[in-house]
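Everything on this sheet refers to the single structure shown next.
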Amino acid sequence: MATSPIQLIRQATPEQRRTLLAAALGWALDAFDAMLYALVLALLMRDLGMSKTKAGLLGTLTLLASGLGGVLFGFLADRIGRKRALMASILTYSICSFASGLATSIAMLAAARFVLGLGMGGEWNTGATLVAETWPTEFRAKAIAIVQSSWAIGFAAAALVAGPVAHYFGWRAVFFVGILPALLTLWIRRGVPESKMWEERQHLRQSSPRGNGSLGAANKDIPSNVSANFSMIFRAPYLKATIALLLFNFFCLFAWWGLFTWMPPYLSLPVSQGGRGFGVMGTTTLLVVLNLFGMFPGYTSFGWAADHFGRRKAFMVYSVAAAVLIPLYSAARSPVGLMVLGTIVAFFGTGLFSGSGIIGSEIFPTSLRARGLGVTYNGARTMSSVAPLVIGRVGQARGLSWAFYLCAAAYLLAALVATQLPETKGKDLQ
């Protein structure tokens, strides 16, 4: 019998609930701060004199930094703990969101968005690792899917805030609101436990030097230096899975950021500039519906699909569906068509990201997990950082509707790469 999200949370221990809530809130607020840029992009282009190409370049810088931040915070989480790294990442993106509102030039805005990206990338793998190491095998996929689904809540909240605040107070005030997630760290510091699996591994590392007795032998899989530990994910038995997951995430992230960075301006820009000409409230309504009825159930459903069909098959179904639906969305003209098709695209095109934390946690052992997730997800985000720039340039030359076809092609390539991923359904964490 399937376990519903509410039943899952009721069955959890208090510690598991707190780690789930911390990771989910961190990811939701990450989405809140990250997507504020896309939501006021049309205003930024007008006030700062940015072309679609320059606007896309700033989005690219944020994604580039997020990939670097994922790797950086992955190392940090393995060294100082999942909880402390999570707090540091949240503070980073919150403060830099506020700083974005102080920008008086494109260069200043670019610098703030770049550093924000570091924290944005770090939050994902530290939160996912904390949940993966706290929840039992039979509930892990569903728990991580719940965490991933909170991105849709944060995106919807950002849409609700950005529209009215920008209308009455301007785009700077929208970015100032982005400082609020910093308050979450006060609760995490007091109320969220550290991963016991990480603490046990640290204790083993400190009390049992390699080569000394039986405990040293048990700990022989833990390299004594960071560079050796990092390189292990690119050696047997992890090499093929690492490369496959890295490429799968790359194609999916290219498609997602290319599509959803440009969707708000696509809806709000005048038809003469390649948009659909919706006003503030029309765009806000479309985006809120898309998030709450598309992204959110897409994220949460993937954990159940991955447990029922297996991780690999679920990846393939969701990515193929997104690839088929995007051209239909690009051809839509009416508000109803854009809302319905956009919601379905969001369901499949974002739902599959729940699987990255699930399968990544099951591929890599505890000593490699945070950095393994950081490399395969945020490393892919670094590679995909060109997406906003590419879609912006193509949109400038051929129109955004045509540019979105590149996103469909990327999802199709992701489906092909998914055939090379290992099936990890039911695997216990090591």
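The values are calculated or read from the model by the stated rules, or taken from the named source; none is laboratory data. Every value quoted in this text rests on a predicted model; they were computed, and no experiment measured them. Don't worry about glycine lacking a Cβ; one is built from the backbone with ideal geometry, like all the others, and counts go over all protein chains shown.
Observations on the model:
- When Arg84, Arg10 are checked against the criterion of being of a type in the set (Lys, Arg) and modelled with pLDDT of 85 or more, Arg84 stands alone in meeting it.
- For the residues Leu130, Leu184, Leu109, Leu116, the requirement of being touching a Leu at 6+ places or on another chain (Cβ under 8 Å) and under 14 Å from Leu29 (Cα atoms) singles out Leu184.
- Criterion (in a helix (DSSP H, G or I), modelled with pLDDT of 90 or more and under 16 Å from Ala38 (Cα atoms)) met by exactly one of Gly342, Gly258: Gly258
- Criterion (within 15 Å of the chain's Cα centre (by Cα) and surrounded by 18 or more Cβ atoms within 10 Å (Cβ to Cβ)) met by exactly one of Gly178, Gly101, Gly163, Gly117: Gly117
- Within the stretch 353-400, tally of residues that are under 15 Å from Ala244 (Cα atoms) and outside any helix (DSSP H, G or I): 2
- Count - residues of the stretch 261-274 that are in a helix (DSSP H, G or I) and either in contact with a Phe, Trp or Tyr (Cβ under 7 Å, 6 or more places away or on another chain) or farther than 30 Å from Gly355 by Cβ (or both): 5
- Single residue of Gly211, Gly294, Gly277, Gly216 found to be over 25 Å from Ser89 (Cα atoms), of a type outside the set (S, T, N, Q), at pLDDT below 80 and in a helix (DSSP H, G or I): Gly216
- In this structure, Thr424 does satisfy being more than 22 Å from Val271 (Cα to Cα), of a type in the set (Val, Ile, Thr) and not in a helix (DSSP H, G or I).
- Consider the stretch 10-41 and keep the residues that are more than 23 Å from the chain's Cα centre (by Cα) and assigned to a helix (DSSP H, G or I). The one that is surrounded by the most Cβ atoms within 10 Å (Cβ to Cβ) is Glu15.
- Residue list for the stretch 365-392, filter: more than 17 Å from Thr424 (Cβ to Cβ) and not aliphatic (A, V, I, L, M): Ser367, Arg371, Gly374, Asn378, Gly379, Arg381, Thr382, Ser384, Ser385, Pro388, Gly392
- Within the stretch 277-329, considering residues that are polar (S, T, N, Q) and closer than 25 Å to Leu247 by Cβ, the one surrounded by the most Cβ atoms within 10 Å (Cβ to Cβ): Ser319
For (1) touching a helix residue (DSSP H, G or I) at 6+ places or on another chain (Cβ under 7 Å); (2) among the aliphatic types (A, V, I, L, M); (3) modelled with pLDDT of 85 or more; (4) not in a helix (DSSP H, G or I), each residue gets a yes or a no:
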| position | (1), (2), (3), (4) |
| --- | --- |
| Val131 | yes, yes, yes, no |
| Ile146 | yes, yes, no, no |
| Ala159 | yes, yes, yes, no |
| Pro181 | yes, no, yes, no |
| Glu194 | yes, no, yes, yes |
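- Condition met for Leu44 (hydrophobic (A, V, I, L, M, F, W, C), assigned to a helix (DSSP H, G or I) and within 21 Å of Gly379 (Cβ to Cβ)): no
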